[in-house]
Amino acid sequence: MATLYRCRTRTNLLCACGRVARRLNRAGIEYDEVRVPYLKRYRPEVEELTGQRWVPVLVHGEQVIHDSRRICEYIDHLESTSPPSRDAALGESG
């Protein structure tokens, strides 16, 4: 299970955090969300993980990735290295 540290924006359409959430959902990766305060000075948990206070931050196993572009690249890598599903291997569509 992954953990996504993200801003408090209520929609996934307005910010980089939402971009990452949409990408995780599309990839079928289960994750918990931790909504951090708007003010960066109130984000000590993010700073402990990454040395900075910007979000989004994805924690997946031993991996801690920050920057939405890097997180999306990481998700793409996970998808490309995961074995194909049974339906995909059989050439079936859902």
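The values are calculated or read from the model by the stated rules, or taken from the named source; none is laboratory data. Remember, it's a predicted structure, so these values are computed and weren't measured experimentally. Glycine gets a Cβ as well: all are built from the backbone with ideal geometry, and neighbour counts include every protein chain shown. The protein model used for the area step is the full one, side chains on, heavy atoms only, and it has no ligands, DNA or RNA in it. Shrake-Rupley method; radii C 1.70, N 1.55, O 1.52, S 1.80 Å.
Looking only at segment 1-42, residues that are charged (D, E, K, R) and farther than 20 Å from Arg69 by Cβ come to 6 in all. Out of Val55, Val64, Val59, one residue alone is β-branched (Val, Ile, Thr), at pLDDT 95 or above and part of a loop (DSSP other than H, G, I, E, B). It is Val55. Within segment 17-64, being open to solvent by 40 Å² or more (accessible area, probe 1.4 Å) and of a type in the set (Gly, Ala, Ser) holds for Gly28, Gly51, Gly61.
Can you name the number of the only condition in (1) among the polar types (S, T, N, Q); (2) open to solvent by 40 Å² or more (accessible area, probe 1.4 Å); (3) outside any helix (DSSP H, G or I) that Thr9 fails? All conditions are met except number (2). Pairs meeting the criteria (first residue in segment 24-46 and closer than 12 Å to Tyr5 by Cβ, second residue open to solvent by 80 Å² or more (accessible area, probe 1.4 Å) and not hydrophobic (A, V, I, L, M, F, W, C), beta carbons under 6 Å, at least 6 apart or on different chains) are Arg35/Arg8.
Whether a residue is of a type outside the set (Lys, Arg), at pLDDT below 95 and not in a strand (DSSP E or B) was assessed, and Glu45 does not pass this test. Please verify whether segment 15-22 includes one or more residues that are among the charged types (D, E, K, R), touching a strand residue (DSSP E or B) at 6+ places or on another chain (Cβ under 6 Å), in contact (Cβ under 8 Å) with a residue 24 or more places away in the chain and not in a strand (DSSP E or B). Checked against the condition, which is being among the charged types (D, E, K, R), touching a strand residue (DSSP E or B) at 6+ places or on another chain (Cβ under 6 Å), in contact (Cβ under 8 Å) with a residue 24 or more places away in the chain and not in a strand (DSSP E or B), segment 15-22 yields no hits at all.
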